[in-house]
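Nothing in this text is a laboratory measurement; each read-out follows from the coordinates by a stated rule. Not measured: the values here are computed from a predicted model. Neighbour counts run over all protein chains shown; Cβ positions are idealised from the backbone, glycine included.
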Amino acid sequence: MPVLQADSLVKVYARNGEQLRAVDGISFHVDEGEIFSLLGPNGAGKSTTIGMISGLIAPTEGTATIGGHSITAEPVHAKELMGVVPQEIALYPNLTARQNLAFFGRMYGMGGAGLDKRIDEVLEFIDLVDRQNDRIDTFSGGMKRRVNIGVGLLHKPKLVYMDEPTVGVDPQSRRRILDTVLRLRDEYKMAVLYTTHLMEESQEISDRVGIIDNGRLIAVGTVEALIQQVGEEDRLVIQVDGDEVPSSLVEMIKQREDVSDLRIEHREVEGSLTKGTQLIVLVRGGRRALPALLQLVDDAGVTVSSVEVREPDLEAVFLHLTGKALRD
């Protein structure tokens, strides 16, 4: 039995006399000892989906169970099996790390020597034993995140939900948090439900990924299986000067047999007033095709300022499925 099972979750809000379908029939499961990432842009429906799974938002339709317990019919039993690590820091700044863990441990119904022992274990796991008696308001952002994670682990849940835990932290702290997520799976066999809008994070740590957009789960699978949907195509990002691309150049590129898609993005060039344009080309054998494509651009009288060859990744999958970049 999966640790988490979400079936046909729907959330409809009434807004300005209209029905807004924030989540539209989402179904997925998370197995024991699995890292499952919900990957999608801001506003895609990730938070609403998790709100329904964690019992904070009542679904309009559908169900979710944790360890076989319905989050709506048996909320107490379901929530006992889930640890939550919110995106916002949820700690008392005037208390020490240990005092915060003790407070939340008692909220979980823990106490006595058992709670003290568990706090010791959690402090060691998040590598803050030497700072346990320091106030939270003296901690860096990354250290606060680690205490936040520790709170979610106190009661040894079967499922840990993490909401974009690396937002706003420095690269070293980000690396430490990602390693912690991997340890939860590899050493403690915990299931992790991880939400992010960062493709590289989900690609690195996930056993399976659910890609969400406009309230719908549009693809679910391993990173390898999802990337196979794009085939062996590379993505060429050709930055050119100016904000106009000749239509004749666009047609010549599209007519190539090895090109499956061409998208044009306009953007300001950082650090100057110059406008720039990106030609984003999906092409088989990108490195082999690049010289000929650059020759076409040059023949059209367009100046190239930079070129990047990107091998297939989850961002390419998102572009393939939705027609837009994950950052849009």
Net dipole in debye of the chain [+1 Lys, Arg Cβ; -1 Asp, Glu Cβ; about Cα centre; nearest 20]: 1080
Per-peptide average of other Cβ atoms within 10 Å, ordering 132-138, 43-49 highest first: 43-49, 132-138
Among 128, 231, 29, which residue has its Cα positioned farthest towards the positive end of the charge dipole of the chain, with +1 placed on the Cβ of Lys and Arg, -1 on the Cβ of Asp and Glu, and the dipole taken about the Cα centre? 128
Taking amide H atoms as placed 1.01 Å from N in the peptide plane, list the residues 5 or more away in sequence, or in a different chain, whose amide H sits under 5 Å from that of residue 160. 83, 191, 192, 193
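Once the piece of chain linking residue 324 and residue 167 is laid out straight, how much longer is it, given 0.36 nm per residue of separation minus the C-alpha distance between them?
54.3 nm
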Testing the spin-label approximation: label points 7 Å from Cα along Cα→Cβ at residue 295 and residue 308. State their distance in nm. 2.7
Please work out the C-alpha center-to-center distance from segment 83-98 to segment 210-252 and express it in whole Å. 39
Can you give the extra length, in nm with one decimal, that the chain gains between residue 10 and residue 107 once fully stretched, where that is 0.36 nm per residue apart less the Cα-Cα distance? 31.9 nm
Just want the answer: with Cβ charges of +1 for Lys and Arg and -1 for Asp and Glu, which residue in 151, 165, 264 is farthest toward the dipole's positive end in the chain? 151
Calculated FRET efficiency, residue 89 and residue 121, Cβ-Cβ r, R0 22 Å, to nearest 0.05? 0.50
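Might you report the magnitude of the Cβ-based charge dipole of segment 153-242 about its Cα centre, with Lys and Arg at +1 and Asp and Glu at -1, to the nearest 20 debye? Write down the numbers at each step before the final one.
On the way: 11 positive and 16 negative charges, 136 e Å.
The calculated dipole for segment 153-242 is roughly 660 debye.
Give me the number: length gained by fully extending residue 20 to residue 204, i.e. 0.36 nm times residue separation minus the C-alpha to C-alpha distance, one decimal in nm.
Details: separation 184, 0.36 × 184 = 66.24 nm, distance 3.37 nm.
Separation in residues times 0.36 nm, less the Cα-Cα distance, equals 62.9 nm.
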In nm, to one decimal, how far is the modelled label at residue 187 from the one at residue 1, with both set 7 Å along Cα→Cβ? 2.9
Just to confirm my numbers, what's the Cα centroid distance between segment 286-328 and segment 1-41 in Å? 33
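Taking only DSSP H segments of four or more residues, each worth -39500 (n - 2.57), what value at 222 nm results for the chain once the sum is divided by all its residues, to the nearest 500 deg cm²/dmol? Mind showing how you got there, number by number?
Working: 11 runs with 112 residues, N = 328.
So the helix-based figure for the chain works out to -10000 deg cm²/dmol.
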Here segment 282-298 yields Karplus 3J(HN,Hα) values (6.51, -1.76, 1.60; θ = phi - 60°; whole Hz; Gly and Pro given as x) of 8, 8, 6, x, x, 5, 5, 7, 4, x, 5, 5, 5, 5, 4, 5, 5
The set of residues whose placed amide H lies less than 5 Å from the amide H of residue 213, leaving out same-chain residues fewer than 5 positions away, is 218
